[in-house]
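The values are calculated or read from the model by the stated rules, or taken from the named source; none is laboratory data. Every value quoted in this text rests on a predicted model; they were computed, and no experiment measured them. Every residue, glycine as well, gets a Cβ built from its backbone with ideal geometry; the counts of neighbours run over all protein chains shown.
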Amino acid sequence: MSPHTSDSSVPAVLVLEDGRAFHGTSFGARGETFGEIVFNTGMTGYQETLTDPSYHRQIVTMTAPHIGNTGVNDDDPESGRIWVSGYVVREPSRTSSNWRAERTLEAELQRQGVVGIAIPGTRALTRHIRDHGAMRAAISTTETDTSVLHERVLASPEMSGAELANEVSTESPYTVHPPSGVATRFRVAAVDLGIKAMTPQRLAERGCEVTVLPASSTAEDILAVNADGVFFSNGPGDPATADRDVAAMRAVLDAGTPMFGICFGNQILGRALGLGTYKLRFGHRGVNQPVREVHSGRVHITSHNHGFAVDAPVDGPFDTPYGRAEVSHIDLNDNVVEGLRLLDRPAFSVQYHPEAAAGPHDAAALFDAFCDLMAEHAASPAPPA
Ligand SMILES: NC(=O)CC[C@H](N)C(=O)O
């Protein structure tokens, strides 16, 4: 691969909503960009992070100090483009070295017009976000006056109250088929609120034919697929705005169709059950989050990307309009609710990413659990109450 091409002589600045500024050099495209600043603690998987649609309108700081080491390939993206609105790294790798690499990370950021910055103090920045919370920010290579840039940050949109799934979803439905040699066992309707490419693949590997539907799909559209199960994906934005998706979720629960939700899908299930959601101070983003499965006590190391969470009773089953439910998973770092399970209906969800892109694979059995639920339900469909 060619050596790293960054022009480290081009100054850039990162300004946060609370006025804190970090000076550094341009990495990627030049220009100016806005978003909510968050940090990702993954030691690996920068391509999967950059292309995860849930990062839409967020400026992502990588806590791993060296980024770009393996370049960029055409196999690992989780969607058709980079979605982060800005990228903060400590030290861009000077060379890309991997047999799969097609080009350098910086070339890719430039090709896709993604503005980034290299700063010496990603650790100081991360500690600042940890102590003061995720907040609005801007990166600029064009505005050198930080107070002017700060004014623009204060005028930029907040993540709280943002409805963004429509901006990242597929425009028209498409189908992901099981790979050759794998028989089709189930039909799944997947509501794309920002779905990652690996998710339908994980289902297809298990014999699911997955019809991916646009976020704008109504409950009728979803039920018209006549699927064995319905999946609600991850996605960007504030779950408090997702009224349409909550209504669709309720229709699926009313129909008694098996349901599995991931991340945004977990928040939508929570809301459909009558629970509230709230914004976390700095969220969970990375591939190393420990989650406890409540009923077994087993701990899984899991991939996360969420800034909001469901507010649910963690001390045992509780009543909902759909019968009893329980919190199935809890984060060991901060006791945040990481999963929900209905006890009287075939529906469950997790706040994290069992599709594991990038890794780890501890939670892969959740896809098998969804298939088991569809198999059980097909054998003896429970009449909707
Ligand atoms: N990955 C996701 O689905 C994220 C859900 C939601 N946007 C959050 O930040 O919590």
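Tabulated data
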quantity	calculated
Strands (runs of 3 or more DSSP E) lying entirely in the stretch 73-189 (those with 2 or more residues that are farther than 15 Å from Y55 by Cβ)	115-118, 135-140, 174-176
Residue pairs meeting the criteria (Cβ under 6 Å; at least 6 apart or on separate chains; first outside any strand (DSSP E or B), in the stretch 285-302; second not acidic (D, E))	V294/S328
Of all residues in the stretch 39-95 being among the aliphatic types (A, V, I, L, M) and under 23 Å from S156 (Cα atoms), the one that is farthest from the chain's Cα centre (by Cα)	V89
Residue list for the stretch 222-244, filter: under 27 Å from W83 (Cα atoms) and over 17 Å from the mean Cα position of the chain (by Cα)	I222, V230, D243, R244
Selection status of R341, basic (K, R) and either more than 17 Å from Q267 (Cβ to Cβ) or not assigned by TED's automatic domain parsing to the domain that holds F260 (or both)	no
Whichever residue in the stretch 222-258 is assigned to a strand (DSSP E or B) and within 16 Å of the ligand (Cβ to nearest atom) and, among such residues, is surrounded by the most Cβ atoms within 10 Å (Cβ to Cβ)	F232
Selection within the stretch 95-120 - loosely packed, with under 14 Cβ neighbours inside 10 Å and either at pLDDT below 95 or farther than 18 Å from V10 by Cβ (or both)	T95, S97, N98, W99, R100
Within the stretch 176-211, tally of residues that are in contact with an Asp or Glu (Cβ under 6 Å, 6 or more places away or on another chain) and over 16 Å from A357 (Cβ atoms)	4
Matching residues in the stretch 285-309 - criterion: being within 16 Å of the ligand (Cβ to nearest atom) and over 16 Å from the mean Cα position of the chain (by Cα)	V291
Test: residue in the stretch 332-345 that is at pLDDT below 95, in contact with a helix residue (DSSP H, G or I) (Cβ under 6 Å, 6 or more places away or on another chain) and of a type in the set (A, V, I, L, M)	no
Residues within the stretch 190-220 that are part of a strand (DSSP E or B), surrounded by 24 or more Cβ atoms within 10 Å (Cβ to Cβ) and among the hydroxyl-bearing types (S, T, Y), tallied	0
